[in-house]
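The values are calculated or read from the model by the stated rules, or taken from the named source; none is laboratory data. Source: prediction; values computed, not measured. No Cβ is skipped: glycine too gets one built from the backbone with ideal geometry, and neighbour counts run over all protein chains shown. To get the accessible areas, we keep the full protein, side chains included, count just its heavy atoms, and leave off ligands, DNA and RNA. Shrake-Rupley method; radii C 1.70, N 1.55, O 1.52, S 1.80 Å.
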Amino acid sequence: VKDIKAAIVGVGGIGSNVAYSLSRLGIDDLFLMDGDTVSNENINGQFYTSDDVGRFKVYALKNALRNYSPSQCVRSSNNFYNTNNSPILAYSNTIISGFDSMSSRKMLFNSIQDKLSDTSKPFLYIDGRMSANEIQIFVLTSLQEDSYRCKLYSDNYLFSDEEATRTVCSFKQTSYVAQMIGGIITNIVINFWSNVLLDEENNFPRS
């Protein structure tokens, strides 16, 4: 895990729970990016308390992680709108999208095209989506065999916000589903980087 440099972009129901799970592994480089503040309806499905209402999510979450995890190097930014020139995203080798809007997902995906196309360096991109009782996880890597999946993802799964199913915020987020997707995404991150390490050290095939 010392080689993982993870950026979580959007720390709502998905991102905040992923951050909690990843931070407890002891990752040294964990970046949190979000421009929203905590509101009362966020308490139900996100990793925040009533004392956090009104605070920027990234600062409230960073403070919580210091109490719950051994990771000492958690950094945060409440400005993710200029992702094309973000040094955080440029530095990261693992980027997790926790956005709840399709336009934000498109913006993030477009900003990391160079990382996905550079097959000489391992890179992991995860787009998590959830409703009250369902989850979707899209995984893309810089491995050569994933190139066609990037086009499939772009063409078929980055539709407009108007095409997305609209539900109220409190219905989209339930604690148990958010915890499940946070754990599954963390497992994907660990499996990917474990396979990269095994491949580099023992020439095992990646799976």
- Task: Please indicate, with yes or no, whether at least one residue in segment 124-144 is touching a strand residue (DSSP E or B) at 6+ places or on another chain (Cβ under 9 Å), over 20 Å from Q46 (Cβ atoms) and of a type in the set (D, E, K, R).
- Result: no
- Scan segment 112-128 residue by residue and report those that are among the basic types (K, R) and either surrounded by 19 or more Cβ atoms within 10 Å (Cβ to Cβ) or in a strand (DSSP E or B) (or both). K115
- Message: If I filter segment 110-130 down to residues being hydroxyl-bearing (S, T, Y) and in contact with a Ser or Thr (Cβ under 6 Å, 6 or more places away or on another chain), which single residue comes out as nearest to A178 (Cα to Cα)?
- Response: S111
- Starting from residues that are more than 18 Å from the chain's Cα centre (by Cα) and of a type in the set (D, E, K, R), keep the ones in segment 39-65 and report whichever is nearest to S131 (Cα to Cα). E41
- How do the pairs read when you match residues in segment 137-161 that are within 13 Å of D127 (Cβ to Cβ) with residues anywhere that are of a type outside the set (D, E) and open to solvent by 80 Å² or more (accessible area, probe 1.4 Å), using Cβ under 7 Å and keeping only pairs 6 or more apart or on different chains? F138/Y157; L140/R149
- Residue satisfying condition, being open to solvent by less than 10 Å² (accessible area, probe 1.4 Å) and in a helix (DSSP H, G or I), within set S16, S21: S16
- For segment 28-42, what are the residues that are assigned to a loop (DSSP other than H, G, I, E, B), over 17 Å from S97 (Cα atoms) and in contact with a helix residue (DSSP H, G or I) (Cβ under 9 Å, 6 or more places away or on another chain)? V38, S39
- Query: Mind checking which residues of segment 87-109 are open to solvent by 20 Å² or more (accessible area, probe 1.4 Å) and touching a residue at least 24 places away in the same chain (Cβ under 8 Å)?
  - Reply: I88, Y91, N93, D100, S101, S103, S104, K106, M107
- Task: Test C73 against the stated conditions and say whether it is among the hydrophobic types (A, V, I, L, M, F, W, C) and closer than 21 Å to V18 by Cα.
- Result: yes
